[in-house]
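First comes the structure, then the notes that go with it.
What follows draws every value from the coordinates through simple rules; no lab data is involved. Note that the structure is predicted; figures quoted are calculated from it, not measured. Neighbour counts run over all protein chains shown; Cβ positions are idealised from the backbone, glycine included.
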Amino acid sequence: MDLSGQNYYPDEDEVIEYVPKLSKLQEEYMEKAKIRQKEGIVKPQVVAGREFKGTAFISKPDKIIFKDFFQIQYTPTGRMSAGLSTTITITFTPQLNQDIFGVFPILSETGQIDIPLECTCKKALLSVEDPLIDFGPVIYGEQCTKTLKIKNDGALPTKIYIKTNDGQSIPFVNQDELNKKLEEQNQILQEQEQAANQDLLEDPSQEQNNADVAAQDDNVFQEEEKAEKVKKEEIQSELKGDPFEQFLAQVQFKRTSEIEGYSNIKITFTFVPLKLGMINQDFTIFFENQDYTRPIPFAIKGECVDVPIYVERIEYNLNILVYEQFYREKIILFNRSAQPMKIQLYFPKSFKPYLEFNPTLGYVQGRGSFEIWFKFRPDRSILTSCQRYLIKQDDERPPKDEYEEFTMRIPIKVTGANQVLPVKFSILSVFTVNAVTFNPPAVDFGNVFHKSASRVQIVMENHSLLPQQFSFVRLPREISVATDNGTGFILPSEKYNIQFEYRPSQQACFEESNIFCRFITGSICAREVRISYTANVSKCPLQADKSKIEFQALPDNETKEVVLEIKNTSQKNLIMEVVPPNFQVSGLLINPLVVPLQGGRSTLLSIKYNSKFRDFSAQALEDMNKPKTIDGQESLPKGLVARNRKLAERLEKKMKEKVDTQINDPKKKGQPPAPVKKEEAKKDAIPIPKGKTAQQVQQEMEAEEERKRKELEEIERQLMLEKERNFDKEGELRKLGGRVYDFFPDDEIKRSQHYDWLVPIYYKQPEKDDMEVKVLYLEARTCTVKRTLVPNIETMEFGEIPVAFRKTQEILLKNVGYHDETLRMEPLTPFGGFSVLNALRTVKPGETKAIVIQFEPFNQQIYEEKLMIYSNHTVVSVTLKGTGVRPEVSISLDDGLMSFGNVIVNEMVEKAFSIKNVSSFPVNFELISKVSGVENKSHLKPFTLIPAQGTIKPNSDYPVKIQFQPDHPSNYYFDVLLVDIPNQVQAKNVFLRGWCYNRQAFVREHEPFEWKPFDKLKKRYEDPLKILNNAQPSIGTKPRITLEYLRDEDIDSLGTDASAYEREKNKIRKILIGNCRMMDNKMEKNAAFEITPAKDDKFFECDNLKGNVNGGQEIVVKFTFNHPKSDPMLKGITALRGIGQWVESLWELKLIGGYVEPGQPDTILVEILLRAYVEQI
């Protein structure tokens, strides 16, 4: 708008705003105001001392997305309060065909707010649901239709073009001409097929005898096979052409389509097969506007089948057939077409004596099936009469396996009316016999002791290609077979070892009879064979109460012991020796091994089994036979016990020769090299090449030595693997007298290992030589199983438990097996301290049951017992351990004496000591008064215990406070406390002692604070009347302390337990002058004393006649008695010995000072009477 002209007239709708012109100062102020406003837009928002941070405005929608065009319209609203809103209109006009991603910024006082802004252009986003079109098998003459679904996720419509992968357009092929050409070729092929098979087609005369028509000559079958190969080659050569054109002629579809935005379409593909075989072609979908989507490839495949009649299986495998047995099988033919078809079956004529089909002619309904049964009964002649059909035709080539030279394939052909090619299939079978042989053919048990057993092993060999099941039936009661109830399976060409065990039922006899065994080959052939046996029974002088020891199934690391009694039933003395199997393999420990046994006497034999899974291998046998070195000399392997001295010498000699041979044989492979002597190990200095340091050369040498060491270890490992592969486990174990059955070796739960051992007991008369040694065998059967009952602990430690106290713990048993386990246990020792509280229940698989064990010791000793828990399938043991102890405590007072000192009446003194529990368990204590002195007049205890009872934690201290508060003066405040703990090892006592006075300064006869017997402490110390008298003493009376010296003969009569204080009473007596400590230290005053001796006193002396006593101080003053010299003339007169008189001396003690109650004198006078016995006339 231009306002410079004078003649300007505004429009009616136009509003003219007058803007005055600003001065320079105003413009400067305006610019500063704008800056202040700009800087003040964003400022901290603080309310109640907290600053707000974040987005202050909420945008709806939270993201602005544009797909077309947009503009922005906004009217400023000014300051906005919380909760208000405003509208911003945004309109976008695109200028470029591309996506825009940005933000729409808004500035507020809390900061800048960025609202996401997205502008996208229209595009076509195409996808295919399934890029594979599979028509599957389609019969010639029919058609199949499939669809391809295409989806557009964009807004832009586009055209779709189906082209080749390189972008070429797909032409349309003239189907009529191509169909006509293919039909002519097929007609020619049909005519050639009919001419070639003219001699095999049926005629009306042949339909009357189907068996003759079906069985064709063998040469005809061979000629037909050759002709069919030629026909196939001709068909392939005639139908050769452009595969792409043939595909386009058979598959019809639309090349170009159009799809709208946000929609999907379906393109139809129709497959009309005109040629037999597979079709497979790849195409690509191209489209306009493909800037954002790549071309999409897809594939088309299908199959054209021409024969309507087809067989269920191309080959019928009858597997292995036994001669002279009938076999039947069903053949099913199917018709793909909708029309019924007539079929005819043919097979080689040479199989007519063995093979029969029923029927060979019939009609197969449209979309239906037809069954043909055949019966096959081969004999041994089939291998010669039908030799040309054997798989193996080259006699010079060795067979691939044991089945190839007995395998035969029988060709079968089925023709159908109006079907170009016949349907061919074959019958495959392997022929075998059902023969089984025994070696040796008869069983001889030899000489057998009564109540003993004899075992004989025979080898049963299966000559058939089929496994055979065998079962020993109608066995005599004396014979048992070491299989599952006398039954088992023998694999093809296997040699099966069978052990017969004979246990005689009579004491002496000769038995000869038969053993019958029944065989089942496959599932239809059964027969029975006979094996003869003989046995000579006699009586053994050694009789065992158990000839067969069967240990129950034990898990890992469990033990079980069985005790046998062996009796010498003869009247002759015998010596017997038990030779147990090696412990490393068997886990059996037998004790004793050698026992002299007198006639008619018996002995006990302990057999202990340590359960463990023991895998017998070549390495285990080598370690077992390795000689042990003891004191530089080789000894026999562990567990190998010689029967006599000569046998031991022969074994040691043989072993030494074997070791010497290994040492002297330098060609021995796999043996470690001999140790190198120190002299030979010394080498010259190693030359160091240029460019290398000595450290590098040393490292290279060490690396080379490490490489050689690893090579040697690998060679040894390979040698051991070779040994393991060639190791005869059963044979070597049989030499050691055992056999093993390992079931489910790879199963963590079901595995079980069963060992059967023969334990020989050699015996003879002592005066006989070694040629008269006879042997008696015991049988030991062990079984190791996986743990199905797993305890949470193997050893239950109760720790230290006080005697007569109880403690319970739980054993958690979890059933990890597959069966319910009903628990039961062996009784525990009645006075063993352990007991089971709850009943044993059934534990289901996966469940966990708790067994509550209680430990109550009866004495102070160590307890240990094994808890054995059984079930129907396993056993578990838990070792129970505990120690019965008596509680023991100690006190912090070394001698158990606690002195509270001197106290003024009604004042209190507090002291503390601690009781320490040195046991490993908490104990309860109680402080009990055993002997006490005077009591307060208020009948309250002068000694207050805080606390009087409690519980002390293991290895902890428990503080005890004691308050002494007397209410009248006395020198006999004491209490002997017993720290009472039930069943404690040694009782602990505490001697509490205190003195009480009316004033701070005091004097008393000195008596050391020490333990005294309870009987001396139990007496009355105060007379109630005396207490009343002392409460109000008469004026002018002085308190008196009498110190009487003992006579010498009284000292001599004291016991050895008398203290030093008692023994010096004939010479020295003491008093104690002290000054009490007060609760208020400000009230304490010092005191002084002064002792005035008696006049002309020649018998007594004092070591301290005066002095000062501070607060809390005690001074001991000693008075000494000077014995007068005895008259030497009277020493030898026995009648005058001990005759004398008592002398007395009265001394005076003055106490001055100290705190006294108001109204009481500051000075107190005390008389000290010294009295002693003087021996003189």
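So here's what we get for this one:
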| quantity | calculated |
| --- | --- |
| Relative contact order of the range 436-538, pairs being alpha-carbon contacts under 8 Å that are 6 or more residues apart, as % | 36 percent |
| Cα-Cα over 27 Å, subset of LYS881/LYS988; LYS941/LYS988; LYS911/LYS937; LYS941/LYS1012 | LYS881/LYS988 |
| In Hz, Karplus ³J(HN,Hα) per residue of the range 834-842 (6.51, -1.76, 1.60; θ = phi - 60°; x = Gly, Pro) | 10, 7, 9, 8, 9, 6, 8, 10, 8 |
| Label-to-label distance, nm, for residues given as TYR1061 and GLN1160 (7 Å Cα→Cβ offset) | 2.5 nm |
| Computed label-point distance, nm, for sites ILE524 and SER890 using a 7 Å Cα→Cβ extension | 9.5 nm |
| Pairwise label distance in nanometres, GLU794 with ILE715, each label 7 Å out on the Cα-Cβ vector | 4.1 nm |
| Segment GLN571-ILE946, extension gain: residue separation times 0.36 nm, minus the distance between their alpha carbons | 126.7 nm |
| Cα-based Rg of the range 436-538 normalised by 2.2 N^0.38 Å, two decimals | 1.12 |
| Relative packing of 251-258, 757-764, which averages over residues the other C-beta atoms within 10 Å, highest first | 757-764, 251-258 |
| Of LYS560/LYS814; LYS961/LYS1150; LYS548/LYS844; LYS352/LYS392, pairs whose Cα-Cα distance is over 27 Å | LYS961/LYS1150; LYS548/LYS844 |
| Set of the range 482-511 residues, backbone N closer than 13 Å to the point 7 Å along the Cα-Cβ line of SER538 | 508-510 |
| Rounded if a/c under 1.5, otherwise prolate or oblate - the range 779-892, Cα gyration tensor axes | prolate |
| Centroid-to-centroid separation of the range 1143-1177 and the range 830-882 [C-alpha atoms, Å] | 77 Å |
| Mean projected area (nm²) of the alpha-carbon convex hull when the range 405-453 is viewed from all directions | 7.6 nm² |
| Placed amide H near ASP379: partners under 5 Å, 5+ positions off or other chain | GLU324 |
| Charge tally in the Cβ shell below 15 Å around GLN506, where Lys, Arg are +1 and Asp, Glu are -1, GLN506 excluded | +1 |
| Centroid-to-centroid separation of the range 85-107 and the range 802-816 [C-alpha atoms, Å] | 79 Å |
| Potential lengthening between GLU910 and LEU475 on full extension [0.36 nm per residue; Cα-Cα distance subtracted] | 146.8 nm |
| Three-way shape label, the range 309-432, alpha-carbon gyration tensor, a/c 1.5 | prolate |
| Protection proxy ranking of 27-37, 1145-1155 - average other beta-carbon atoms within 10 Å, highest first | 1145-1155, 27-37 |
| Centroid-to-centroid separation of the range 329-358 and the range 936-1011 [C-alpha atoms, Å] | 120 Å |
